[in-house]
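Take a look at the structure below.
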Amino acid sequence: MTTRETGKDVHVQRFAKGEFLFKEGEWGDRIYQLRSGEILVFKTGEKGNRIALAKLKPGDMFGEMFLLNNNHTRTASAVAVEESVVNVFFEEAIMEDLKDMPPRLRVLFTGLVEKLNKLNTCYVHELTEIIEEKDAVKHGGRLPKLRPAQEEERDTGISGDRIVSKPVAEEEESATKS
């Protein structure tokens, strides 16, 4: 990751393929805007599987959900799918902008973001259940044993629009066929 300051309120950062911008549960203090490249935002499901929330393209803003949490924790992880460049906006500047917003718009903005956070939580919970049920059916009514997610691996494990973890048995079967 390389950082370049472009002004008082904006920094530019470059991330290599597979590099995390932030991880779920970490402290948050900045929002990002993708300038180039591709970023994958995902949550880790109850069984350790990764569930894609969004594949971001240039112009997309992300990382704002920490503003809703009193403890400033990240509600998802973000990883560069390819080399990516982002604008970084720090919390101090964002809060100054919010102070300048008329009170009724600030209330509206805060309410919309809270609703988005609730919807996001419900979406991830439901999607996790669907994926786990599908995996159970695929494996004869039992859930396959999954390897823990490799946080530092460079391969994002993207398959279609969701991140998948190969069951241990399938990995070992693939290795013996090679």
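Every read-out reported here was derived from the displayed coordinates using simple, explicitly stated rules and does not represent laboratory data. What you see is a predicted model; the values in this text were computed from it and never measured. Don't worry about glycine lacking a Cβ; one is built from the backbone with ideal geometry, like all the others, and counts go over all protein chains shown.
Neighbours of residue 128, meaning other residues whose beta-carbon lies under 9 angstrom from its beta-carbon, give a summed charge of -2 when Lys and Arg score +1 and Asp and Glu score -1.
Note on residue 126 and residue 12: the model spin-label points, each 7 Å out from Cα along the C-beta direction, lie 4.1 nm apart.
Among residues other than residue 27 whose Cβ falls under 13 Å from its Cβ, what is the net charge (Lys/Arg +1, Asp/Glu -1)? The answer is -1. At 7 Å along Cα-to-Cβ for each site, give me the label-to-label distance between residue 90 and residue 138 in nm. Between residue 90 and residue 138, the label points sit 4.4 nm apart.
Specify whether the C-alpha gyration tensor of the range 19-125 places it in the rounded, prolate or oblate class, a ≥ b ≥ c being the square roots of the eigenvalues: rounded for a/c under 1.5, otherwise prolate if a/b is larger than b/c and oblate if not. The shape class here is oblate. Packing, as the average of other Cβ atoms within 10 Å across residues, places the peptides 123-132, 99-108 in the order 123-132, 99-108, highest first.
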